[in-house]
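The values are calculated or read from the model by the stated rules, or taken from the named source; none is laboratory data. These numbers come from a predicted model, not from an experiment. Reconstructed Cβ throughout: ideal geometry from the backbone, glycine too, with neighbour counts over all protein chains shown.
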């Protein structure tokens with residue numbers, strides 16, 4: 001019989017075959033930048049490198065290296081994610097209008113129909129959003145006018161998810177930046193689980209032409225399957241892009257790789273799929289830096305981080321570690337982890353510690369940081385240095401900064 005001391009040592013190393021943890025005791029290495037009020041959401045970008053929307057709807061640029069926060073706007077919807085790109089900051093105002101800041105100039109749309117909780121996408125010459133159109137929700141393209149105001153110039157025919165997050169991807173490898181990917185075909189009856197804020201799930205994945213928003217390619221799932229997702233993730237697949245998403249059905253969730261079907265001009269296809277979790281209403285939360293494909297299986301009930309690789313039409317998973325979670329049930333923040341180069345910052349199951357998982361160390365945890373509360377969002381504003389954690393009480397802390 002193995003001595004008790006050896007048994008405990010084996011258990012401490014983790015489940016057999018999984019990489020052992022190599023970090024020491026959690027270190028409370030964090031400090032708080034000066035947020036003037038409790039914060040509802042964070043985003044990388046802006047004049048200081050970090051943006052925050054307060055619970056009152058004020059938009060701030062938070063300092064990363066000391067100093068006072070700069071107030072950029074009021075009346076912003078704190079429940080709708082910010083979008084940053086091409087020198088612009090885009091947000092939904094509480095009244096449903098699009099608000100855009102470019103340099104020192106601010107423009108607002110005349111239309112006030114942007115859907116709450118839906119995403120925005122900043123393109124070089126436009127912003128893509130989601131409008132409520134009666135009982136439907138449609139993708140819209142807004143462009144600036146000569147006076148600086150913004151107006152709608154195109155709207156999709158296809159109905160998209162009410163909380164869809166638009167993404168630009170070059171699925172055909174054309175080299176022009178690509179077009180707009182969105183989850184569509186909302187259905188509230190096919191798969192009633194509701195871990196992502198509501199029970200409405202997508203039955204279609206569409207590629208919309210970025211100017212007129214016409215459907216260029218699509219994938220329609222047969223019942224009873226859905227995409228249990230709101231924001232597909234862009235990954236590199238040779239010279240073109242592909243997408244990671246979660247397909248769910250009677251056997252629960254499974255990771256799928258979607259790309260342009262080379263045999264059908266107007267079609268997308270599931271190019272590879274992982275094993276399903278085995279039971280209905282079991283979900284996984286993917287995370288990727290565009291090159292490495294990972295997912296936390298059952299993040300709400302004993303989350304286990306897995307690394308995936310493609311083997312023909314299969315996605316083969318390898319378990320890395322247990323006791324982690326990158327999603328809170330009912331939240332539209334899909335992935336609470338953050339990437340810095342080849343390092344992944346991942347909350348533990350309690351949300352009160354962050355593990356630093358290093359790809360160069362065969363995906364072992366090389367450090368762990370204690371937090372002053374439970375994390376609800378994580379942002380890496382720089383390629384190195386501390387990451388920024390939003391705590392459930394609305395406080396903001398820089399983690400890894402003594």
TODO: Would you mention how many residues in region 113-136 are in a loop (DSSP other than H, G, I, E, B), closer than 21 Å to residue 94 by Cα and in contact with a strand residue (DSSP E or B) (Cβ under 8 Å, 6 or more places away or on another chain)?
DONE: 7
Task: When residues of region 290-316 are limited to those that are buried (at least 17 other Cβ atoms within 10 Å of the Cβ), touching a residue at least 24 places away in the same chain (Cβ under 8 Å) and under 17 Å from the mean Cα position of the chain (by Cα), the one nearest to residue 240 (Cα to Cα) - done: 293
TODO: Inspect all residues belonging to region 63-83 and state whether any of them is closer than 29 Å to residue 125 by Cβ, assigned to a strand (DSSP E or B) and touching a residue at least 40 places away in the same chain (Cβ under 8 Å).
DONE: yes
Open item on the list: Residues to consider are 100, 53, 84, 39; find the one that is at pLDDT 95 or above, surrounded by fewer than 19 Cβ atoms within 10 Å (Cβ to Cβ) and on the phi < 0 side of the Ramachandran plot.
Closed with: 84
Task: Test result for residue 357, out of contact with any helix residue (DSSP H, G or I) (no Cβ under 9 Å at 6 or more places or on another chain), free of Cβ contacts under 8 Å to residues at least 60 places away in the same chain and over 24 Å from residue 53 (Cβ atoms) - done: yes
Task: Selection within region 171-186 - over 23 Å from residue 107 (Cβ atoms) and buried (at least 18 other Cβ atoms within 10 Å of the Cβ) - done: 171, 172, 178, 179, 181, 182, 183, 184, 185, 186
Open item on the list: Cβ contacts < 6 Å: first residue on the phi < 0 side of the Ramachandran plot, restricted to region 216-228; second residue surrounded by fewer than 18 Cβ atoms within 10 Å (Cβ to Cβ) and part of a loop (DSSP other than H, G, I, E, B), any location; separation 6+ or different chain. Result?
Closed with: 216/209; 217/266
Open item on the list: Step by step: first the residues of region 146-169, then only those that are buried (at least 17 other Cβ atoms within 10 Å of the Cβ) and over 16 Å from residue 131 (Cβ atoms), then the one that is nearest to the chain's Cα centre (by Cα). Which residue is that?
Closed with: 167
Open item on the list: Here is a list: 126, 113. Which entry is within 30 Å of residue 239 (Cβ to Cβ) and at pLDDT 95 or above?
Closed with: 126
- [ ] Identify, by number, the condition in (1) over 24 Å from residue 253 (Cα atoms); (2) free of Cβ contacts under 8 Å to residues at least 24 places away in the same chain that residue 148 doesn't meet.
- [x] (2)
Task: Which listed residue, of 139, 164, 199, is in contact with a strand residue (DSSP E or B) (Cβ under 9 Å, 6 or more places away or on another chain) and either free of Cβ contacts under 8 Å to residues at least 40 places away in the same chain or not in a loop (DSSP other than H, G, I, E, B) (or both) - done: 139
- [ ] Just name the residue that is farthest from residue 140 (Cα to Cα) out of those in region 103-116 that are within 21 Å of the chain's Cα centre (by Cα) and surrounded by 19 or more Cβ atoms within 10 Å (Cβ to Cβ).
- [x] 115
- [ ] Select, from 203, 287, 279, the only residue that is surrounded by fewer than 19 Cβ atoms within 10 Å (Cβ to Cβ), modelled with pLDDT of 95 or more and within 26 Å of residue 328 (Cβ to Cβ).
- [x] 279
